[in-house]
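Engineer: Pasting in a structure now, in structure tokens, and then I'll have a few things to ask.
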Amino acid sequence: MKPMSVFILCVAIMGGTLQGKETPPNILIVTVDDMSCDSVGVFDCELKDTTPHIDGLAREGLRFHYAHVQTGSCYPSRNVLLSGRYSHNTGVEGFYQVKDAQYPHLVDLMKTAGYFVGIRGKVSHSTPYQPYAWDADLTTLDGEKQHIKDPESYYRSTQRGIDLAAKAKKPFCLNINISDPHKPFYAMSGKGQVVDDPYVPTRVFSAEEVPVPGFLFEHPEVRKELSHYYSSVRRADDCVAQILRALKESGQDEKTVVIFLSDHGMPLPFAKTAVWYHSTRTPLIIRWPGVIEPGRVDKEHMVSAVDLMPTLLDIIGMPHPEGFDGRSFAPVLHGESLDGRDYVYTFHNENSGRNRSPMRSIQSQNYGYIFNPWSDGQRVFRTATTGTLTYRAMEKLARTDADLSARLALFKHRVPEELYDYKNDPDARKNLIDDPDYADVLAELRREMRLVMKASNDPLLEAFDRREDAAFVSSVISELQAEADARRKAKSAKPGSSKPTNARPRQQNQNLFKIVVPETVATGEMLHVGIHYNLPAELGEQSFHVTLKDARRMRVERKVQAKAGKGVMSIAFQIPKEMKPQDLSIAVFVGADYETNLLHKVTKPIRLTAVEGK
């Protein structure tokens, strides 16, 4: 039975639908796009008057000083937020759809709980696939798509969502996603508007007055871009004002839990698509009239986006489905203290261009450790922030400025491991990975990160454990990139084309081997794989890499055998007793490594069943 079916059955048995119960609170989730936490006034922004309405919301509720999203990329970040699961457990690691999602999403959970569920903006980024089962897409009103930079349109969308819920006689759960300060920014120069933009922020900032973050550098082009960014932050605040106006006018203000946050940091180098402190820290604010004491600031607990869904279900009094990676922090909303809130786990996998640069990080309140398995001194980091004025200025200045040349090299290539004292170095300027004074901190963070990776079945755990084996780690990244490339080719292939989307010139000889596997296997049993190989004499001895993969196509175990000539080899995998029923597969490639393999094949699904009586 699929997880969603199990959840619905559980609700039915417990009488968990909201009919006949006291009306639960409405839920209003408001996000902004690409906005750093410290761009908000109450989160110690150095520039005055950036976010007066967000600041007002914070004064009426609770703000978390140590809140993070899981990743610095929009699509996967929002899927973590609305699923309660890490990206490697949803399959949404980049900017692509996952059509066979096997877990309940916010839409499913809230609808099962009796809510009217609507969304405005970022619709394709907020679910594993499209179209999804929202009750209403509030991005289009009366047949007209609302402009993403128009503050007034957010008033209309919120108003419509509340009205539709009232007509359906249901509480509402609305996810209103503001486009700003994502590019294109509201852009001004000394001569006026750079582009024609009728949606003028209520405050436009000049290049002279904006602060330059410590992870960037002083330069006129940087200041110009930051002035555009901060003006767009102010326009995002204007949108928040319109959303809250619609809520206030509806009369539902006191009956609604409002949750506000950003999906990740600013869209400039060293912030977006990264896992430093300033990349994932988010201005999380929750207002719950009658429950949360106004003006509270939590500086005790570390919370993250993966915790939101468990928390929401506790707020409305609904059972949790199996499989959450996050944990509810609802008791904190009631003024209680929680143990085990000392770390958050963050990551990056793939950008919108299907480029794989996986990163893993664990952060405490004071320190942060980062593992960059893709970093080998040769691979180059790909990200949209290289199209900014700031990046182009850095490239130009790096030709003659040694410090910026070093920063550019770090940006493009990273290093395998990083360690920072975020309390004293929030901009991550000094890597302490080799500093003996921080050896105990490093050991602690490595240990804590491994615990999270193991508990969540992170497919990069083996690469982390074997991080000193550069060749092995590189082969893992090459395989992940090849899978991403195949997705890109499959998406771009023309309908009706007979050419395989993942055809590779070196794989012309499909007769080098064939794989024989059973149709089913039971938990706790051995899965026997037969490989019939026929290697021409000129190839000599070759390595066969045989990998057992789970339903998400993630590696469970890999075995390698060297063979020459013609014959049959048998490889067995012990299926863990605790493994849940799902579709497994076997992937085999022959060659020294994946990048230069002679042939790669994947079997059809092998159905894993539970042993009867268990």
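Engineer: Could you look through the stretch 454-475, keep only residues that are open to solvent by less than 70 Å² (accessible area, probe 1.4 Å) and without any contact (Cβ under 8 Å) to a residue 24 or more places away in the chain, and pick out the one that is nearest to TYR86 (Cα to Cα)?
Structural biologist: Among those residues, the one meeting the criterion is LEU461.
Engineer: Looking at the stretch 580-609, which of its residues are touching an Asp or Glu at 6+ places or on another chain (Cβ under 8 Å) and either open to solvent by less than 30 Å² (accessible area, probe 1.4 Å) or of a type in the set (S, T, N, Q) (or both)?
Structural biologist: GLN582, LEU584, TYR594, ILE606, LEU608
Engineer: Only residues that are open to solvent by less than 30 Å² (accessible area, probe 1.4 Å), at pLDDT 90 or above and within 30 Å of LYS454 (Cα to Cα): list them for the stretch 532-577, please.
Structural biologist: Residues satisfying the conditions are PHE544, HIS545, VAL546, THR547, LEU548, ILE571, ALA572, PHE573, ILE575.
Engineer: Quickly run through the stretch 162-189 and pick out the residues that are open to solvent by less than 30 Å² (accessible area, probe 1.4 Å), more than 27 Å from SER73 (Cα to Cα) and in contact with a helix residue (DSSP H, G or I) (Cβ under 9 Å, 6 or more places away or on another chain).
Structural biologist: Residues satisfying the conditions are ILE162, PRO171, PHE172.
Engineer: Output the number of the condition that ARG382 fails; it satisfies all remaining conditions of (1) in a helix (DSSP H, G or I); (2) free of Cβ contacts under 8 Å to residues at least 40 places away in the same chain; (3) surrounded by 15 or more Cβ atoms within 10 Å (Cβ to Cβ).
Structural biologist: Going through (1) in a helix (DSSP H, G or I); (2) free of Cβ contacts under 8 Å to residues at least 40 places away in the same chain; (3) surrounded by 15 or more Cβ atoms within 10 Å (Cβ to Cβ) one by one, ARG382 breaks only (1).
Engineer: Among (1) surrounded by fewer than 17 Cβ atoms within 10 Å (Cβ to Cβ); (2) in contact with a Ser or Thr (Cβ under 8 Å, 6 or more places away or on another chain); (3) closer than 26 Å to GLN70 by Cα, which single condition is ARG399 missing?
Structural biologist: All conditions are met except number (3).
Engineer: Sticking with this structure for a sec: Scan the stretch 277-291 and give yes if some residue there is in a helix (DSSP H, G or I), of a type in the set (Gly, Ala, Ser), crowded, with 22+ Cβ neighbours inside 10 Å and under 20 Å from the mean Cα position of the chain (by Cα), otherwise no.
Structural biologist: Within the stretch 277-291, one or more residues are in a helix (DSSP H, G or I), of a type in the set (Gly, Ala, Ser), crowded, with 22+ Cβ neighbours inside 10 Å and under 20 Å from the mean Cα position of the chain (by Cα).
Engineer: Could I ask something else about it? Out of (1) over 23 Å from ASN457 (Cα atoms); (2) open to solvent by less than 20 Å² (accessible area, probe 1.4 Å); (3) basic (Lys, Arg), what's the single condition that is false for LYS111?
Structural biologist: (2)
Engineer: Filter the stretch 78-108 down to residues that are of a type in the set (Gly, Ala, Ser), farther than 20 Å from ASP583 by Cα and surrounded by fewer than 24 Cβ atoms within 10 Å (Cβ to Cβ), then give me how many there are. Give the steps one after another, and end with the answer.
Structural biologist: Here is the first cut: in the stretch 78-108, the ones of a type in the set (Gly, Ala, Ser) are 83-84, 87, 91, 94, 101.
Now restrict to residues that are farther than 20 Å from ASP583 by Cα: 83-84, 94.
Next, only the ones that are surrounded by fewer than 24 Cβ atoms within 10 Å (Cβ to Cβ) stay: 94.
Going through the stretch 78-108 one residue at a time, the tally reaches 1.
Engineer: For the stretch 267-283, indicate whether the set of residues that are charged (D, E, K, R), touching a residue at least 12 places away in the same chain (Cβ under 8 Å), out of contact with any Ser or Thr (no Cβ under 6 Å at 6 or more places or on another chain) and under 30 Å from PRO416 (Cβ atoms) is non-empty.
Structural biologist: yes
Engineer: Applying the selection to the stretch 126-159, what residues are buried (at least 19 other Cβ atoms within 10 Å of the Cβ) and not in a loop (DSSP other than H, G, I, E, B)?
Structural biologist: ALA136, PRO151, SER153, TYR154, TYR155, SER157, THR158, GLN159
Engineer: While we're looking at this one, here's another question. When only residues in the stretch 222-240 that are open to solvent by 10 Å² or more (accessible area, probe 1.4 Å) and closer than 13 Å to VAL194 by Cβ count, which is farthest from the chain's Cα centre (by Cα)?
Structural biologist: Filtering the stretch 222-240 for residues that are open to solvent by 10 Å² or more (accessible area, probe 1.4 Å) and closer than 13 Å to VAL194 by Cβ, the one farthest from the chain's Cα centre (by Cα) comes out as LYS224.
The values are calculated or read from the model by the stated rules, or taken from the named source; none is laboratory data. This one's a predicted model, so the numbers in the text were calculated from it and none came from an experiment. Please note: Cβ atoms are built from the backbone with ideal geometry, for glycine as well, and neighbour counts cover all protein chains shown. Calculation scope for accessible area: heavy atoms of the full protein, side chains included, ligands and nucleic acids excluded. Shrake-Rupley method; radii C 1.70, N 1.55, O 1.52, S 1.80 Å.
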